[in-house]
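The values are calculated or read from the model by the stated rules, or taken from the named source; none is laboratory data. Predicted model, so just to flag it, every value in this text is computed and none were measured. Here the Cβ positions follow ideal geometry from the backbone for every residue, glycine too, while neighbour counts run over all protein chains shown. To get the accessible areas, we keep the full protein, side chains included, count just its heavy atoms, and leave off ligands, DNA and RNA. Shrake-Rupley method; radii C 1.70, N 1.55, O 1.52, S 1.80 Å.
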Amino acid sequence: MKVTLSIQRSDPERGGEARLENYDVEVKRTDRVLDALMYLTRNVDGTLGYRRSCAHGVCGSDAMRINGAERLACKTLFKDVVDRSGGTVTLEPLRHLPVQKDLMVDQSPFFEKFRSVKPYFVPKAEPTGKEFVQSQEERALFDEATKCINCAACYSACPILDKNPKFIGPAAIVQAARFVNDSRDKGLDERIDILDQPDGVWPCESHFECTRVCPRDIKITKLINLTKRQIKKARAADGRETAEGK
Amino acid sequence: MVHEFDAVIVGAGGAGLYAALEASKTAKTAVLSKLYPQRSHTGAAQGGIGAALGNVEEDSPEWHAFDTVKGGDYLVDQTAAKVLAEEAVRAVYDLENRGLPFSRLENGTIAQRRFGGHTHHFGEGPVHRSCYAADRTGHMILQTLYQQCVKNDVTFYDEFHVVDILLEGTRAHGVVAFELKTGELHVFKAKAVLFATGGFGRMFKITSNALANTGDGPALLARAGIPMEDMEFYQFHPTGILGMGILITEGVRGEGGILKNREGERFMERYAPTMLDLAPRDMVSRAIMTEVMAGKGMRGDRKIDDYVMLDASHLGRETVEKKIPDIADFCRTYLDVDPAVDAMPVQPTAHYAMGGIPTDTHGRVDTGRAVYDGLYAAGEAACVSVHGANRLGTNSLVDLVVFGRRAGRHIAEYVRGASAPREFANATDASRAKIGGLREKKNGAHVGPIVQRMQEVMMTQVGVYRDQAEMDDAIKQIQELRDEFKEVGAQDTGDGFNAEVLNILELESLLDLSLLTAAGAANRTESRGAHSRRDFPDRDDDNWLKHTMATIDDDGVVIDYKDVDLGIWEPKPRVY
Ligand SMILES: Cc1cc2nc3c(=O)[nH]c(=O)nc-3n(C[C@H](O)[C@H](O)[C@H](O)COP(=O)(O)OP(=O)(O)OC[C@H]3O[C@@H](n4cnc5c(N)ncnc54)[C@H](O)[C@@H]3O)c2cc1C
Ligand code: SF4
Ligand code: FES
């Protein structure tokens, strides 16, 4: 079938307004949106800018807004976004990150926030030459959070970042939760002062937009709320107040 | 711009990151990667990492080493295989101690599953050796190693695409890299350079590999005159998603999944009576193609792209969702199939390069005729050789951590004694001319038709089954495509974020490696491991128990050989 890809083009380096450019392509209903993009750059217009690598939804390169919603171009089939007669598919870059060119955004602010939550293992105990023992139940507690591929879809969808660009954002909290809930890690102790800040977990208002778009089906909002409760409990135990509402 | 480091690591997958963690302990180290590190294809690995922990049942590194040698159809360097199997155990514990969230057994130790070709007591039956984190083992390894790099403040240059090596005789002095953001060419002077640029499955039409897996490291070293080892041994994984090549891990069969032909028959019973569906990949891929050619594929039309079914529905919903959740997700997304209910349509998919940059067990480039100073390789780009003619599942992830670590250590040691890298007056000239040339041909040819023909030729004529006439023709066609490539131009003339230039350079890499692969294959007149010829169906140890060393030059490919290290086990026929 025939579809029109309406792609937001811009090249801030060389100036000019962002504009939508239309490309007609012949596709199969089961083709990925990324397949059509690849076809275009290889055969029609080499100047189109976007990132991609794995082509099956595991590397996090090609999150973009497809018909207004954050998705991975490699995990979106045309049948998911147009009906049998074809139609138009709009591709725009992620929000809340500066556009570099066309569908490419500067992910550095996103990764800075990622780095800020100590996204690495801080073991409770010294290794003994074998594995740290962990029960299946303990392992299950943080399974969800290990799935994140840092695609930034949630970061783009989050309405809080519209009004507060300093909010660390959903993905960074997911990354923190990955370690906070790992029985082998020092967990919340190590990270509470980072998360319990005015721009840490508290700005989240549970709009669920992140959860809706996450291509790894992570229940992000639930994790954020769990983290809030854990912080409150830890602070209460110390007889301290949280930074909520500050 | 010119930078100077003790060590430069090219590539931020499992191999590069592990080497960087080791080297950066004492040496001033930079990691250059064309992708953001977390986008590397190590993240796509699914099934597991092999190590004889013995958590489920008795196991030993010696059995693991033997399985590796036999699985590689005896083209494996045996001392290296022993190193691999012995250090695997420590490596897995080390990853766990760095936080890797392995799945767990009831007793809280690391979970292990069965995998193709891994046996107990030298082939008596399958063994639980693959340590896994559901079907996301590679994702967890990549994340864990990157997290450790963040923790240890390793220096990264993200989206720096290495385009050239600074080499003087047999000593490396650094690399040249193209910065995506600015289009600027940077010189990185270094006492030691490690290439860990990953695989190159994108030369084939159906592949499990990422679009970025274009073999830039091996290709640019080949262009610098360094021979590539055993390029004809390219592994086709038996179970790729029909038409797309996306991998369905062998772990599905490890958990009990079964391959069936159009008659519903479990055909592996006829090909590998003991190991059945868990025979090594080369054998299962051949079995599938043999069924297809006999008209027993699902369509029954005997065409090369016909397929068979992989059935896991009898495992039940709980096992599917717990043990292979991502596979279930891929099947639902791309096939509209729920593997807990229906079988999955599969076909062999180009998966893994056994061959590559020749190294010794410290990762040093070693061609058999010369050992290079300050030049290293590790991971899929390298050929140690621990995989010989056919890699066993779970052995690549082991290879990354074991030899990535060994290379990193050797580098740290080497740079302490090495003199400063030399000054190269015109270091960037060649790359500048090449890239400038692409931009001048603004109305030049598109890459599309060349990519398409290369992938089709390699898939159909240098695939699972091969013969002389087809391979000779493939060489001719690849040479034509290399000529056509000279007409390709970049429409994008900008400096910043010019991904088009890089895509063109990636195609150049794939064309060069396709030529080396086809030429090595056409030259080897026997069948061994993943290299199976209709016209020479048997293994020929008298003439061919040796590594191919292939060099590219203006007239084509020149072939030389290197001995196989056979110190431990005598070659035997390979039955499972
Ligand atoms: C789908 C799939 C599943 C797999 N499952 C398993 C499994 O279960 N068990 C197992 O043992 N093996 C498995 N493998 C194989 C294994 O995952 C790979 O062989 C391995 O991850 C390769 O790692 P690497 O570090 O060598 O390269 P990669 O992880 O591919 O990394 C390559 C790096 O090099 C960089 N790079 C490339 N070119 C350049 C350049 N020109 N300049 C700068 N940087 C560059 C890239 O940016 C990237 O960072 C699987 C492979 C696939 C495709
Ligand atoms: S939480 Fe989900 S949407 Fe957000 S970065 Fe991770 S994978 Fe992407
Ligand atoms: S290309 Fe990797 S997630 Fe889409």
(Q) Go through (1) without any contact (Cβ under 8 Å) to a residue 40 or more places away in the chain; (2) within 16 Å of ligand 3 (Cβ to nearest atom) for B:Gly54 and report which single condition fails. (A) (2)
Q) Does B:Thr137 satisfy the criteria of being open to solvent by 10 Å² or more (accessible area, probe 1.4 Å), within 12 Å of chain A (Cβ to nearest Cβ) and modelled with pLDDT of 95 or more? A) no
Q | Qualifying position, being under 15 Å from the mean Cα position of the chain (by Cα), within 16 Å of ligand 1 (Cβ to nearest atom) and among the aliphatic types (A, V, I, L, M), among A:Val58, A:Val105 | A | A:Val58
(Q) Can you name every one of the strands (runs of 3 or more DSSP E) wholly within the range B:125-187 that holds 3 or more residues which are over 21 Å from the mean Cα position of the chain (by Cα) and small (Gly, Ala, Ser)? (A) B:171-179
Q: Residues being open to solvent by less than 30 Å² (accessible area, probe 1.4 Å) and in contact with a His (Cβ under 8 Å, 6 or more places away or on another chain): count how many of those fall in the range B:397-413.
A: 2
Q. Looking only at the range A:71-101, which residues are under 19 Å from the mean Cα position of the chain (by Cα) and of a type in the set (Asp, Glu)?
A. A:Glu92
Q: Give just the number: which of (1) of a type outside the set (A, V, I, L, M); (2) within 16 Å of ligand 3 (Cβ to nearest atom); (3) at pLDDT below 95 does A:Gly87 not satisfy?
A: (2)
Q: Scan the range A:38-62 residue by residue and report those that are touching a residue at least 40 places away in the same chain (Cβ under 8 Å) and either at positive phi or of a type in the set (A, V, I, L, M) (or both).
A: A:Leu48, A:Gly57, A:Val58, A:Gly60
Q: Mind counting the residues in the range B:1-36 that are within 14 Å of chain A (Cβ to nearest Cβ), among the hydroxyl-bearing types (Ser, Thr, Tyr) and more than 16 Å from ligand 2 (Cβ to nearest atom)?
A: 1
Q: Kindly check whether there is at least one residue in the range A:110-120 that is at pLDDT 95 or above and within 16 Å of ligand 1 (Cβ to nearest atom).
A: yes
Q | Pick from the range A:141-152, criterion within 9 Å of another protein chain (Cβ to nearest Cβ) and not β-branched (Val, Ile, Thr), ranking: surrounded by the most Cβ atoms within 10 Å (Cβ to Cβ) | A | A:Cys148
Q | Residue check, A:Gly129 away from ligand 3 (no atom under 16 Å from the Cβ), assigned to a loop (DSSP other than H, G, I, E, B) and open to solvent by 20 Å² or more (accessible area, probe 1.4 Å) | A | yes
Q | Residue list for the range B:414-458, restricted to those being open to solvent by 30 Å² or more (accessible area, probe 1.4 Å) and of a type in the set (S, T, N, Q) | A | B:Ser419, B:Asn426, B:Asn443, B:Gln452
(Q) If I filter the range B:246-264 for residues that are in a loop (DSSP other than H, G, I, E, B), open to solvent by 10 Å² or more (accessible area, probe 1.4 Å), in contact with a helix residue (DSSP H, G or I) (Cβ under 9 Å, 6 or more places away or on another chain) and without any contact (Cβ under 8 Å) to a residue 12 or more places away in the chain, do I get at least one hit? (A) no
Q. B:Val337 is checked against (1) in a loop (DSSP other than H, G, I, E, B); (2) over 22 Å from A:Thr76 (Cβ atoms) and fails just one. What number does that condition carry?
A. (2)
Q. Does the range B:361-382 contain any residue that is farther than 28 Å from B:Ile304 by Cβ, modelled with pLDDT of 95 or more and in a helix (DSSP H, G or I)?
A. yes
Q) Looking at the range A:172-186, is at least one residue of a type in the set (D, E, K, R) and within 14 Å of ligand 2 (Cβ to nearest atom)? A) yes
Q) Restricting the search to the range B:33-67, which residues are hydroxyl-bearing (Ser, Thr, Tyr) and in a helix (DSSP H, G or I)? A) B:Thr42
Q) Do the conditions hold for A:Pro165, that is, is it assigned to a loop (DSSP other than H, G, I, E, B) and within 14 Å of chain B (Cβ to nearest Cβ)? A) no
Q. Out of B:Ala19, B:Ala12, which single residue is outside any helix (DSSP H, G or I) and in contact with a helix residue (DSSP H, G or I) (Cβ under 9 Å, 6 or more places away or on another chain)?
A. B:Ala12
Q: Please name all residue pairs, on different chains or six or more residues apart, with Cβ atoms under 9 Å, provided the first residue is in the range A:154-169 and is away from ligand 3 (no atom under 16 Å from the Cβ) and the second residue is open to solvent by 10 Å² or more (accessible area, probe 1.4 Å) and polar (S, T, N, Q).
A: A:Ile168/A:Ser116; A:Ile168/A:Gln197
Q) Of all residues in the range B:482-491 being touching a residue at least 24 places away in the same chain (Cβ under 8 Å) and either part of a loop (DSSP other than H, G, I, E, B) or over 23 Å from B:Leu35 (Cβ atoms) (or both), which is farthest from the other protein chains (Cβ to nearest Cβ)? A) B:Arg482
Q: Scan the range A:68-79 residue by residue and report those that are away from ligand 3 (no atom under 14 Å from the Cβ) and either among the charged types (D, E, K, R) or open to solvent by 30 Å² or more (accessible area, probe 1.4 Å) (or both).
A: A:Gly68, A:Ala69, A:Lys79
Q: Any chance you could count how many residues in the range A:5-34 are within 14 Å of ligand 3 (Cβ to nearest atom) and either facing chain B (nearest Cβ under 9 Å) or out of contact with any strand residue (DSSP E or B) (no Cβ under 9 Å at 6 or more places or on another chain) (or both)?
A: 2
Q: Return a yes/no flag: does the range B:335-343 have any residue that is in contact with a Leu (Cβ under 7 Å, 6 or more places away or on another chain), within 29 Å of B:Met283 (Cβ to Cβ) and touching a residue at least 12 places away in the same chain (Cβ under 8 Å).
A: yes
Q | The one condition in (1) at pLDDT below 95; (2) open to solvent by less than 50 Å² (accessible area, probe 1.4 Å) that A:Met64 fails to fulfil | A | (1)
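Being within 14 Å of another protein chain (Cβ to nearest Cβ) and open to solvent by 20 Å² or more (accessible area, probe 1.4 Å) is true for just one of A:Asp217, A:Asp185. Which residue is that?
Just one listed residue meets the conditions, A:Asp217.
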